[in-house]
Amino acid sequence: MPKSKRSIAKKAPGKKHNASRTKKAYYPELFKPIKIGNREIKNRIVMAPMNTLFSMDNKGYVNEQILAYYAARAKGGTGLIITECILGTKLASKFPYTTNLHCYNTTHIPGLSEIADTIHAHDCKVFAQMSIGFGRQGHSPDHESPPAPSAIPYQTDPMLMPKGFLEFFAEHMEFAGLLMSGRYPSMARADMPREITKEEIKSEIEEFAESCVLVAVTGIDGIELHAPHGYLEHQFLSPRSNKRTDEYGGSLENRMRFVVEIYEAVRAAIGHSIPVGIRLSGDEHMPDGIHHDELKQVVKRLGEMGVDYVHLSDGSYEALKHFFPDEENLHLVEEAESFKSVLPKDVPVISVSLHDPKNASEAIKKGRIDMVSLGRQMLCDPEWANKVKKGRAFKKCLRCCDCLMRTAIGLPVQCRVNKDLGRERYMSEYWRPQRPKGTGVLPQIPKAEDLPKLQDS
């Protein structure tokens, strides 16, 4: 009996070739799993922490928009999401960017647990970026003086702003004058800070470590210490903003003391139950600021102390064009490679601002970086990871900085390209799915050997 045309077609070489071609993995280096501490991340793609102002009321609590916003990026194939900056002490919460999430008492736990559950439901890990304060970059509606290493005011230099900012200011000169006047709290200017006392330093570090314990019980997978971009930890590191004459100022050993004590306190509080990493600028890019060689020494010290990863960024709000570059920033790969050279081999380095998957994949393949984090590009297209994996075109970030400009004047982020940014809560595809039957309802409980031993009183 002759074979049917259908059975013959199944064996046709062309059909077999087409089937294998559809399974091609694009940029395989981006999609290899990696360990950070005791957590495995499914791929090398990270969503960078960004202040979105979706919390709106500055009471520090999670809402439906925040949950849907993270769900979109988790569903889009991202391996690790690092949350927006969370203020980890009551004092820090008084001087936010404009409005931020908080975690310094038990009322903040439920919302952070919802974030963890929502992101986990889409097969993604989540780390909380925890901040001990914004220092001289903090804002108070009542124009109170924020605590900082020294009483040195913060004010941006227009010539060090991204191109999008300069274009905006050129078109809106009167509004730009209002932002710079000091009458209107904005990212462009802040109130004169006061010098934080040594007693406050000790109490803030103690409270911050306790706040990290609260994070650890929510089911969040890790903690990132917030030390880049001219914020409080960065301010202690930098001779530009730290003019102290006590043990927290002067030499690099003294200037890094604040960061070292924070890491020690957090690690003592939570042990190795979840990873603890740090984000740092690769260079402040200010004449009297902290530069790469000194930051490299800070990274080396933290590596010796057991930090689980280093997340690289650049510049500060006073050198904003380095923080938000106008083009693909391959220079950061050099700084990331430099940091890697002084860290243990099992401590990953995450680099940022590589929107082109070819550049990101090549840097990982050559061992220059271990992971890539995306900020504005992830706002522009939450499906970046899924599209890159399948070889599909993605929406490209224009680097126009509209998103940043909105937050600079106190508005939630929006995007010229992604019209759904800020309205994810209305889209059912980002609502959390039902838990699979038979799964547990408790977060992953740390093992006894991962926790610090309790000392007898």
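In the calculated pair-distance distribution of the chain, the portion above 27 angstrom amounts to 53 percent of the Cα-Cα pairs. With neighbours defined as other Cβ atoms within 10 Å of a residue's Cβ, the residues S361, S113, S211, S55 order from fewest to most as S113, S361, S55, S211. If you take the square roots of the eigenvalues of the alpha-carbon gyration tensor of segment 239-341 and sort them as a ≥ b ≥ c, do you get rounded (a/c under 1.5), prolate (a/b over b/c) or oblate? Oblate. Between the amide H of C85 and those of M50, N51, distances stay under 5 Å, these residues lying 5 or more places away or on another chain, with hydrogens modeled in the peptide plane.
Mind putting a number on the dipole of the chain about its Cα centre? Charges go on the C-beta only, +1 for Lys and Arg and -1 for Asp and Glu, and I need it in Debye to the nearest 20.
Working: 63 positive and 58 negative charges, 772 e Å.
Approximately 3700 debye in magnitude.
Taking 0.36 nm per residue of separation and subtracting the Cα-Cα distance, full extension of the segment from T106 to H291 would add 62.7 nm.
Dipole of segment 357-447, Cα-centred, from +1 at each Lys and Arg C-beta and -1 at each Asp and Glu C-beta, to the nearest 20 debye?
Numbers: 21 positive and 8 negative charges, 55 e Å.
Roughly 260 debye for segment 357-447.
Quick check: Cα centre of segment 54-126 to Cα centre of segment 205-262, how many Å? Each part's Cα centre sits 20 Å from the other's. All other residues whose Cβ lies under 11 angstrom from that of I119 are scored, Lys and Arg at +1 and Asp and Glu at -1, for a net of 0. For the chain, C85, C103, C124, C212, C400, C401, C403, C415 stand unpaired, since no other cysteine beta carbon lies under 4.7 Å from theirs. Each residue of segment 258-273 is assigned a 3J(HN,Hα), and the resulting list reads 4, 5, 4, 5, 5, 4, 4, 5, 5, 5, 5, 7, 10, x, 10, 5 Hz, derived from the Karplus form 6.51 cos²θ - 1.76 cosθ + 1.60 (θ = phi - 60°), x at Gly and Pro. Neighbours of I82 by Cβ distance under 9 Å: Lys/Arg scored +1, Asp/Glu scored -1, total -1.
Summing charges over neighbours of L343, with a neighbour being any other residue whose Cβ is under 12 Å away from its Cβ, gives 0 when K and R count +1 and D and E count -1.
Treat the count of other C-beta atoms within 10 Å as a stand-in for reagent exposure and order H285, H102, H143, H272 from fewest to most. Don't skip to the answer; put the middle values down first.
On the way: H285 20, H102 24, H143 12, H272 17.
In increasing order of surrounding Cβ atoms, one gets H143, H272, H285, H102.
Only the coordinates and a few stated rules stand behind these numbers; no lab work does. Just so it is clear, the structure is predicted and the values come from calculations on it, not from any experiment. Every residue, glycine among them, receives a Cβ derived from its backbone with ideal geometry; neighbour counts consider all protein chains shown.
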